[in-house]
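See below for the structure under consideration.
The values are calculated or read from the model by the stated rules, or taken from the named source; none is laboratory data. Just so it is clear, the structure is predicted and the values come from calculations on it, not from any experiment. Neighbour counts are summed over all protein chains in view; Cβ atoms, including those assigned to glycine, are modelled from backbone coordinates with ideal geometry.
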Amino acid sequence: MQVQTPSPTTAHWPSNAPTAATQQGTRVELVWPDGETRSVNTTWLRDNCVCDACRITQTGEHRYFLGQHEQIPAATAVSLDAGALLIDWSDGHSSRFAPDDFARITYVAARAHHPIKLWSDNFLPERFEYAAVVNDHATREAFMAATMRDGMSLITEMGSESGECIRFLEKIGVPIRDTPFDRLHDVYFHADGYNVAHTDEPLPPHNDFASYHWPPSGQLLHMLVNEVEGGDWVNVDGFRVLHEIQQTEPEAIDVLARVAVAFREHSDTAESWARAPLVRRNSKGEIIGIRFSNQLMQPIDPCDPDLEAFYEAYHLLARAVNDPANQIQFRGHGGTMQVLHAHRILHARRGFDGSSGSRHLQDTYFEFDDVRSLHALTTGEAR
Ligand SMILES: [Fe+2]
Ligand SMILES: [Zn+2]
């Protein structure tokens, strides 16, 4: 299932010249030779004027500022000149839009809708060799595309050097998202760890740092050594789970997107605490974030009028993330690293026998926007 596709009105703007332009109040209607029409708001046209006075030509940034006028400027004359749209404005300005100006502006307007693909029942994350991602342009592009689409990929042949996950980010040009809880988290079985990750208990599906209002949106989990019995990696596509609940119990998603819950993570030196809903949606109602951490979730006010509705919806979600049908499970061998869109993909670990050998994992964080940014620069999308 594909979601978050570009809006069709901006994705298919004609690249050839219109043959007629007429003003109808606060709209300009454009007609193309094949009969296609577009009706464009005049305020939008004034605000997006492409002339050198309305843009900072050195940087491409907006200079024209609608807030300078007491009244929104009106179009006083509209015509076509050699395929370009000419408009005179009540503020004394004149604008000229060539056909390729519209193509460029509407391309920009349609950007940032990165198509994602919800996991199928037999989903397996794509695997990319560490050296190839670092050194080969095409492999790096394929790695980023897969990670953006699926929310997860695996890097293989990483070796077992400490800090390699940070060096990976440095080599591909993605900054680390630091926290006061250690820049590089060492996860191994030890008696004085500050959270459940440092025990040999199973970890239910979660994303890290639900205790931040903006949790890290990207996470790397590098398995350095894995000699224990058990401890398989488990992942869940949180967006797929939420989409499925949306189909049958849409009101549950409304509750999860509305009721704020507190999460807390603390160590000897730092505390993070946030109160936020478990589901984040964009202005179109599309699901763009899941926050789920059984271990960090704090009690809700017992007198909260939303308590019962919340627990009903939360139970549905918790059952779904715990359902093996929604999970992939595999052994994280030494030298393998998970790359996660952490606002989408939950990670988990089966329990293991801490006395059966050593198991050492390191994780660190980044912002997923920086992967999108690198992808846009690599592919030329950032034109
Ligand atoms: Fe975790
Ligand atoms: Zn202008």
Residue count, the stretch 27-51, condition within 15 Å of ligand 2 (Cβ to nearest atom) and assigned to a loop (DSSP other than H, G, I, E, B), comes to 4
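If I ask for residues that are among the acidic types (Asp, Glu) and surrounded by fewer than 20 Cβ atoms within 10 Å (Cβ to Cβ), which ones from the stretch 179-218 would you list? Talk me through it step by step, then tell me what you get.
First, the residues of the stretch 179-218 that are among the acidic types (Asp, Glu): 182, 186, 192, 200-201, 208.
Once the filter is applied, which keeps residues that are among the acidic types (Asp, Glu) and surrounded by fewer than 20 Cβ atoms within 10 Å (Cβ to Cβ), the stretch 179-218 yields ASP182, ASP186, ASP192, ASP200, GLU201.
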Let me confirm something: among HIS69, HIS62, which residue is modelled with pLDDT of 90 or more, under 17 Å from ARG96 (Cα atoms) and not assigned by TED's automatic domain parsing to the domain that holds SER120?
HIS62
Checking THR269 against (1) of a type in the set (Val, Ile, Thr); (2) under 29 Å from MET158 (Cα atoms); (3) at pLDDT below 95, the condition it does not meet:
(2)
Out of all the residues in the stretch 71-118, which are among the aliphatic types (A, V, I, L, M), more than 16 Å from ligand 2 (Cβ to nearest atom) and part of a strand (DSSP E or B)?
LEU80, ILE116
Restricting attention to the stretch 275-294, does a residue exist that is touching an Asp or Glu at 6+ places or on another chain (Cβ under 9 Å), of a type outside the set (A, V, I, L, M, F, W, C) and part of a strand (DSSP E or B)?
no
Given the structure, is ALA132 more than 30 Å from ALA325 (Cβ to Cβ) and surrounded by 15 or more Cβ atoms within 10 Å (Cβ to Cβ)?
yes
Cβ-Cβ distance below 7 Å, separation of 6 or more or different chains: which pairs start in the stretch 34-63 with a residue that is more than 24 Å from SER90 (Cα to Cα) and end on one that is more than 14 Å from ligand 2 (Cβ to nearest atom)?
GLU36/PRO14; THR37/GLU29; THR37/LEU30; THR37/VAL31
Single residue of ASP208, ASP232, ASP237, ASP254 found to be of a type in the set (D, E, K, R) and within 14 Å of ligand 1 (Cβ to nearest atom):
ASP208
Going by the structure shown, is LEU85 loosely packed, with under 15 Cβ neighbours inside 10 Å and either closer than 15 Å to ARG27 by Cα or more than 16 Å from ligand 1 (Cβ to nearest atom) (or both)?
no
Subset of the stretch 183-202 [within 24 Å of the chain's Cα centre (by Cα) and within 13 Å of ligand 1 (Cβ to nearest atom)]
HIS185
From the residues in the stretch 104-137 that are of a type in the set (A, V, I, L, M, F, W, C) and modelled with pLDDT under 95, which one is nearest to LEU45 (Cα to Cα)?
ILE105
Flag if GLU161 is over 22 Å from the mean Cα position of the chain (by Cα) and away from ligand 1 (no atom under 16 Å from the Cβ):
yes
Search the stretch 72-94 for residues being out of contact with any helix residue (DSSP H, G or I) (no Cβ under 6 Å at 6 or more places or on another chain) and among the small types (Gly, Ala, Ser), and hand back the single one that is modelled with the lowest pLDDT.
ALA82
Those residues of the stretch 188-217 which are assigned to a loop (DSSP other than H, G, I, E, B) and touching a helix residue (DSSP H, G or I) at 6+ places or on another chain (Cβ under 6 Å) amount to HIS190, SER217
